[in-house]
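First the structure, in the form of structure tokens, and then the observations on it.
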Amino acid sequence: MGKDNTDNKPGLMGKLKTKLDRMLGRSSDESLDIEFKPQKNIPAARGAFRIDVDNMHVICRVPRVKCRILDISASGIGFVSSKEFQVGTIIDAVLLWSGKPVLKNVKLKIARRTPKIVGCEFIELERSQDKVISKIVLAAQKRLIEKKHSGKHPDTTEEEMAKEIEAQKKRGVTPASKKKIKL
């Protein structure tokens, strides 16, 4: 009946199908259809590794609301909210760690919305803000690993964050933006 259909299909999948057919001694009529679709909900498909947190909140300016953060990554956060947030909206926010503000004047873009969970991306981060987020993610990862290995609930990360905030104050690191969010 002619040429194998997989020879006409360019790319890696076509080559793999052809090679598999040859290895198994299949004729072109017996060829298998193989298709690869990456899953969207696995960490490899995300822009950054996310970590669950249990002691962080976000305070949004508009709508004025305080919400519990479910997870954080280097590229954004996910939080629980019953308030309506439109996808694509940019909001000003403050991130709290154990009730203390660790990041002020953070801009978040609403990336996705389910009935109770809002997924946001950080935008226009200053270098100092990016460093703090990286330290939060790293501290949360350390806490998770320590918790996994010891079975305890260590709070050393809160102390680490407090030390980092104090060190930044001593170095005189302040965000370029002096706008304050009124709550």
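The values are calculated or read from the model by the stated rules, or taken from the named source; none is laboratory data. For clarity, every value in this text was computed on a predicted model and none was experimentally measured. Methodologically, a virtual Cβ is constructed for each residue, glycine included, from the backbone with ideal geometry; neighbour enumeration extends over all protein chains shown. These area figures cover heavy atoms from the full protein model, side chains too; ligands, DNA and RNA do not enter into them. Shrake-Rupley method; radii C 1.70, N 1.55, O 1.52, S 1.80 Å.
Structure above, values below:
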{"quantity": "Rounded accessible area per residue of segment 51-138, 1.4 Å, Å²", "calculated": "50"}
{"quantity": "Full-stretch length increase - residue 27, residue 82 - with 0.36 nm per residue and alpha-carbon distance subtracted", "calculated": "14.0 nm"}
{"quantity": "Virtual spin-label span in nm between residue 164 and residue 64, 7 Å along Cα→Cβ", "calculated": "3.0"}
{"quantity": "Per DSSP, loop trypsin sites (Lys or Arg not before Pro) in segment 73-134 with at most 12 further Cβ within 10 Å", "calculated": "83, 116"}
{"quantity": "Gain upon complete extension [residue 92, residue 134; 0.36 nm per residue less C-alpha separation]", "calculated": "13.2 nm"}
{"quantity": "Gap separating the Cα centres of segment 53-68 and segment 103-128, nearest whole Å", "calculated": "11"}
{"quantity": "Amide H partners (placed H, <5 Å) of residue 71, local residues excluded", "calculated": "53, 78"}
{"quantity": "Hz values of 3J(HN,Hα) by residue in segment 118-132 - Karplus curve (6.51, -1.76, 1.60), Gly and Pro given as x", "calculated": "10, x, 10, 10, 6, 10, 6, 6, 7, 4, 5, 5, 4, 5, 5"}
{"quantity": "Rounded to whole Hz, the Karplus (6.51, -1.76, 1.60) HN-Hα couplings of segment 83-92, x for glycine and proline", "calculated": "6, 8, 10, 7, 4, x, 5, 9, 10, 8"}
